[in-house]
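Before any comments, here is the structure.
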């Protein structure tokens, strides 16, 4: 399944060459940048299925999906309350904790998204 992957760190995007195994590539990137700040991994899905965006901040992740029918955020914990600060594109952002998950859980979500289609805990914004 051809996908386009890029990594943005500190507001500077770096597209990656085509990869044979996007699950392995994305998993490796998330592990490599897991403890960093201001890192966003973008995954353009094939056949206009959308754009997955993963913001990383000190061991946590925030996963979004842009599609032609809207913008979605992955709900990590429906009962969570409060806010968590992320730096995204050099800007401080306050993210509802319900959307924040540990990097290993984000890898699981992305693995599911890059595999066969499945229903997941996405919430339209």
Strands (runs of 3 or more DSSP E) wholly inside segment 51-125 containing at least 1 residues that are farther than 24 Å from residue 4 by Cβ and either over 12 Å from the mean Cα position of the chain (by Cα) or at pLDDT 90 or above (or both): 60-67, 83-88, 91-96, 100-102, 122-124
Leading residue by the ranking (modelled with the lowest pLDDT) among those in segment 2-11 that are over 14 Å from the mean Cα position of the chain (by Cα) and closer than 23 Å to residue 60 by Cβ: 11
Flag for residue 34 being part of a loop (DSSP other than H, G, I, E, B) and surrounded by 16 or more Cβ atoms within 10 Å (Cβ to Cβ): yes
Restricting segment 5-31 to residues that are touching a residue at least 60 places away in the same chain (Cβ under 8 Å) and touching a helix residue (DSSP H, G or I) at 6+ places or on another chain (Cβ under 6 Å), the one surrounded by the fewest Cβ atoms within 10 Å (Cβ to Cβ) turns out to be 23
Filter result (closer than 13 Å to residue 106 by Cα and at pLDDT 90 or above) within segment 12-37: 26, 27, 28, 29, 30, 31, 33, 34
Would you confirm whether or not segment 38-47 contains a residue that is in contact with a strand residue (DSSP E or B) (Cβ under 6 Å, 6 or more places away or on another chain), modelled with pLDDT under 95, outside any strand (DSSP E or B) and closer than 17 Å to residue 107 by Cβ? no
Going by the conditions given, is residue 34 at negative phi and in contact with a strand residue (DSSP E or B) (Cβ under 7 Å, 6 or more places away or on another chain)? yes
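The values are calculated or read from the model by the stated rules, or taken from the named source; none is laboratory data. Only a predicted model underlies this, so the values are computations on that prediction, with no experimental measurement involved. Here Cβ is always computed from backbone atoms with ideal geometry, including for glycine, and neighbour counts include all displayed protein chains.
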